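In what follows, a single structure is set out as structure tokens and then discussed.
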Amino acid sequence: MQIGIIGYPYSGKTTLFQTISQIHIDLSSTNKKDANQAIVKVPDERLDKLTDIFNPKKKVNATIDFVDFAGFQNVEHKGGIFNTQFLTKAKTMDAIVHVVRGFQDDSIPHILENINLERDIQNLEDEFILADLAFVETRLEKLSKDLMKQKSKDEAEKEIAEMNRWKDNLENNTPLRNLTFDENNLKFLKNYQPLSAKPLLIALNLAEQDVKNKEEILKNISAKFKTDAIDIVLFFAKIELELSQLEAEEKELFMQDYGLEGSPLGRLIQSAYNLLGLQSFFTVGEDETRSWTIKKGMTAQESAGVIHTDFYNKFIRAEVVSYEDFIREGSMAKCKEKGLFRLEGKEYIVHDGDILNIRHS
Ligand SMILES: Nc1nc2c(ncn2[C@@H]2O[C@H](COP(=O)(O)OP(=O)(O)O)[C@@H](O)[C@H]2O)c(=O)[nH]1
Ligand SMILES: [Mg+2]
């Protein structure tokens, strides 16, 4: 899974990226054009506990790819401020984190001069819509030429209908993530990856002095922007980067002082899992304990396929114990005794925290 971090220059994107990746980046570096990229382990206390119990050779966390985009400039191109390079890369992301600047610092001016959370959130949404509209218009031109050439007429007509539906909505400032998609038009969504359809995480980078009224800010912004496909999270880029580099005990003290809980990474991942409808299952053994990310509603066979395509093709049964049962009983043997160790077929819907062992031919 890939998550892209975008936003205006000097909003705190790279500071957030450093906090979650623990990669040091020289912020004064002039090379701001390239995107930074890191594969980040998804923290999961349940996996840590399983690892303590099984004492395997290695522990493997599920991972997420974070991409820290260079800040976009307010330079207009056809269809908005994003250039082709940005659009091409942004479209491959599964979700977008929009870092919105809430801190005032006169030595680092905001490119729009003052601080205004709502304006910045709305501006990005407008730019997504403009970019998608430009795409749809180009696509419609191409399709009408195909029609004249009598090339795959049926297909072209179907797509024209769908592109016009997108166009009408975009022209009314409705992002594509608000539309419903059926089996037939889902393929256009998958192929074209329009930006206004992407799950969006609005990450408000607040100032130190906002710590005390952070709940109120969150409530206000949520009331205006939160939907099923948009979530709002808070972070304090500067403090939380410093905190992330402290030893556990010291960190705990400072966090209490600031009234902060968890980490920016934890907040982002929880929110991303919710938005994208994701959950985890585990595999355990002497060699490794491992967490895996799947979509909610996936079957045992589909989940086996995430481990290995062979496991999907040669699936026989899944041995299943829930994490809670296992921890409470303390061993697989006890779980078997109590009938908590189950054999499930390929249609079984995997639950968050299931410990799976796939039997295959
Ligand atoms: N005072 C203050 N400065 C910050 C905060 N977050 C980021 N900065 C500073 O703002 C500058 C730009 O941050 P950076 O993360 O590089 O922003 P980017 O351009 O969005 O990647 C750096 O000098 C940061 O140290 C913050 O919460 N408070
Ligand atoms: Mg940056």
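Side notes on the structure shown:
- Thr299 being among the β-branched types (Val, Ile, Thr) and either buried (at least 18 other Cβ atoms within 10 Å of the Cβ) or in the same structural domain as Leu234 (by TED's automatic domain parsing) (or both): yes
- Scanning the range 338-355 for residues that are without any contact (Cβ under 8 Å) to a residue 60 or more places away in the chain, assigned to a helix (DSSP H, G or I) and of a type in the set (Asp, Glu) turns up nothing.
- When Ser222 is tested against the conditions (1) modelled with pLDDT of 95 or more; (2) in a helix (DSSP H, G or I); (3) buried (at least 17 other Cβ atoms within 10 Å of the Cβ); (4) over 17 Å from the mean Cα position of the chain (by Cα), the lone failure is (3).
- Gly102 vs. criteria more than 16 Å from ligand 1 (Cβ to nearest atom), touching a Leu at 6+ places or on another chain (Cβ under 9 Å) and small (Gly, Ala, Ser): no
- Some residue of the range 100-118 being assigned to a helix (DSSP H, G or I), crowded, with 17+ Cβ neighbours inside 10 Å and modelled with pLDDT of 95 or more: yes
- Whenever a residue of the range 185-214 is within 16 Å of ligand 2 (Cβ to nearest atom), its partners that are of a type in the set (D, E, K, R), lying with C-beta atoms within less than 7 angstrom and at least six residues away or across chains, give the pairs Asn205/Arg101.
- Only one of Asp182, Asp168 that is under 27 Å from Phe82 (Cβ atoms) and charged (D, E, K, R): Asp168
To keep it simple, each residue is scored yes or no on (1) at negative phi; (2) more than 16 Å from ligand 1 (Cβ to nearest atom); (3) at pLDDT 90 or above; (4) of a type outside the set (S, T, N, Q).
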position	(1), (2), (3), (4)
Ile230	yes, yes, yes, yes
Ala237	yes, no, yes, yes
Phe254	yes, no, no, yes
Ser271	yes, yes, yes, no
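The values are calculated or read from the model by the stated rules, or taken from the named source; none is laboratory data. This structure is a prediction, so every number in the text was calculated from the model and none was measured. So basically every Cβ, Gly included, is an ideal-geometry build from the backbone, and we count neighbours across all protein chains shown.
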